[in-house]
């Protein structure tokens, strides 16, 4: 695997880590919440007729285009002649394990903005204009379709940029979309773990139109960023929304380092384990030296600490600027970045942003976030994906590893989405298109990955085609994306689920969306296709004891066994030395309140852990 090794100490000494906003007064601006009650069961809304939305333009092809591009000014770039020093030019050789794969929604709106997540039994996908479908996640069978998501809020409006999240810590579903009328953000929280049931529904009025919404789950709230004229982070009171009360909500204006154009930061989305109470929520964005004098290639982190206790909440912000390896994140001023086989029509490379989501994980001894973005590499306009694993140790963020996935086959790879599993393995899925030694490729969906033990900065698994495109996308200007979504299965912690867009053949020059899942095997080699014993943790209650049984652990090194409440607060912990890669232990839980708890088994300062949810009655 060809990889140029790059040493960053000089850059770190120049740009380093800096702390700012020390005089932040914490003041916030409250926003109006309209609690609209409990919706009808979603299953009662299946197959309602779709209504047109004022937020879409109808093309001659019959496709509807979102008008959100009108709110996005392109960035101005200056030539830098930078060479990306962390390019991976060859694919890996290991083979990922493909699982389910089925068709998503293809309704004729563009871009589709697909978002999706899975719970214990269902997968839910949302797209623009024809918003939501529920699938059996095991069989792929369609449970039902709601053509009019606005029905949840008593509206016939489907304006777009939908996001679906599964809040596994509360065992609830989170659905959202914006409304152009009144600058509203609509949020629905399921009243049970059944996505076809009823929802608590809320509408919030924003300071300005919340274009390109990005949501995340955090201990102290649901966080939202968006593309607005002022840089605001919105926080919605999660604990109250989960119970159907009337929540507080606010936005905090902050001053990230921005260029001249389209900009949208990305909030950390908790996965694996909920961060403990009081843990700041980090907000990520990149800075590009191509923005001009005084700008540098780096990741900027803005950490928000919220206090809901006062009548008017407070939120303080701390800043860190983390130097990265050089990159070229420039994009075409008309958003014509991606060449596609079979057409002269170029496609939007989704430049200017870190792509959804910034997956956050709590490990034993540190926290991590994985993120990715579009960059240019090689000759001409080839688009590739720069990805990062960032770590927070003792409150300080740093880049643990980074790489630019750009096999030298002439193909474009863009709009990636990345996540990390319980073993510390990374899965990344993305769109791929173009012409070159890699073939003549219509917009398609592919994925790759790496294990925690593989050489840093490399995707060690061969690229797998999840869905081959069958035609060029020509029916709706150059729109593509704007979202794709990789989620982690809460049932096993090792299955990656992805939904994204690809090209479909046909007279309208349309698109399809796909839903698929895969795993990055922990053990690879000559027996990689043999059955593998993945690490497992079983937790069960017997009398006043909460028993923890672990097997097939990756080593016999000391393991930390921790008991947390649902808010991430540590209750009890112990250290165990496994024998033959297994152990059994227990906690006395006499006197603990009834409720949901988390048991974490992790090897300190490594990327292995298993988190298991248990209900104590």
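A few points about this structure:
- Qualifying residue in the stretch 172-184 (condition: in contact (Cβ under 8 Å) with a residue 60 or more places away in the chain and within 18 Å of the chain's Cα centre (by Cα)): yes
- Filtered by the rule that a residue be surrounded by fewer than 24 Cβ atoms within 10 Å (Cβ to Cβ) and at negative phi, the stretch 498-509 gives 504, 505, 507, 508.
- So residue 391, is it modelled with pLDDT of 95 or more, under 23 Å from residue 452 (Cα atoms), more than 14 Å from the chain's Cα centre (by Cα) and surrounded by 22 or more Cβ atoms within 10 Å (Cβ to Cβ): no
- The residue that is modelled with the lowest pLDDT, counting only those in the stretch 511-532 that are in contact with a strand residue (DSSP E or B) (Cβ under 8 Å, 6 or more places away or on another chain) and part of a loop (DSSP other than H, G, I, E, B), is 528.
- Exactly one residue among 272, 221, 197 is out of contact with any helix residue (DSSP H, G or I) (no Cβ under 8 Å at 6 or more places or on another chain) and not assigned by TED's automatic domain parsing to the domain that holds residue 568, and that residue is 272.
- Count - residues of the stretch 142-157 that are out of contact with any strand residue (DSSP E or B) (no Cβ under 7 Å at 6 or more places or on another chain) and part of a loop (DSSP other than H, G, I, E, B): 4
- Scanning the stretch 364-410 for residues that are touching a residue at least 24 places away in the same chain (Cβ under 8 Å), farther than 18 Å from residue 456 by Cα and in a loop (DSSP other than H, G, I, E, B) yields 364, 365, 377, 378, 381, 382, 408, 409, 410.
- Single residue of 74, 79, 114 found to be on the phi < 0 side of the Ramachandran plot and at pLDDT 85 or above: 114
- Single match in 426, 473 (criterion: more than 30 Å from residue 271 (Cβ to Cβ) and either in the same structural domain as residue 555 (by TED's automatic domain parsing) or buried (at least 23 other Cβ atoms within 10 Å of the Cβ) (or both)): 473
- Of all residues in the stretch 577-617, those satisfying the criterion of being surrounded by fewer than 16 Cβ atoms within 10 Å (Cβ to Cβ), more than 17 Å from residue 542 (Cα to Cα) and free of Cβ contacts under 8 Å to residues at least 40 places away in the same chain are 577, 579, 580, 581, 582.
- Exclusive hit being modelled with pLDDT of 95 or more and on the phi < 0 side of the Ramachandran plot, set 450, 479: 450
- Whichever residue in the stretch 482-496 is buried (at least 24 other Cβ atoms within 10 Å of the Cβ) and under 23 Å from residue 390 (Cβ atoms) and, among such residues, is modelled with the lowest pLDDT: 483
- Exactly one residue out of 431, 462, 466 is over 18 Å from residue 346 (Cα atoms) and touching a strand residue (DSSP E or B) at 6+ places or on another chain (Cβ under 6 Å), and it is 466.
- Residues in the stretch 48-55 include at least one that is closer than 21 Å to residue 335 by Cα and either modelled with pLDDT under 85 or in a loop (DSSP other than H, G, I, E, B) (or both).
- Filtering the stretch 552-575 to residues that are farther than 15 Å from residue 273 by Cβ, crowded, with 16+ Cβ neighbours inside 10 Å and modelled with pLDDT of 90 or more leaves only 559.
- Against the list (1) surrounded by 15 or more Cβ atoms within 10 Å (Cβ to Cβ); (2) modelled with pLDDT under 90, the condition residue 43 fails is (2).
- Test: residue in the stretch 428-446 that is closer than 30 Å to residue 553 by Cβ and modelled with pLDDT of 95 or more: yes
- Output for the stretch 436-453, where each listed residue is surrounded by 17 or more Cβ atoms within 10 Å (Cβ to Cβ) and either without any contact (Cβ under 8 Å) to a residue 24 or more places away in the chain or in a strand (DSSP E or B) (or both): 436, 441, 442, 443, 444, 445, 446, 447, 448, 449, 450
The values are calculated or read from the model by the stated rules, or taken from the named source; none is laboratory data. Model, not experiment: these values are computed from the prediction. We place every Cβ from the backbone using ideal geometry, glycine too, and count neighbours over all the protein chains shown.
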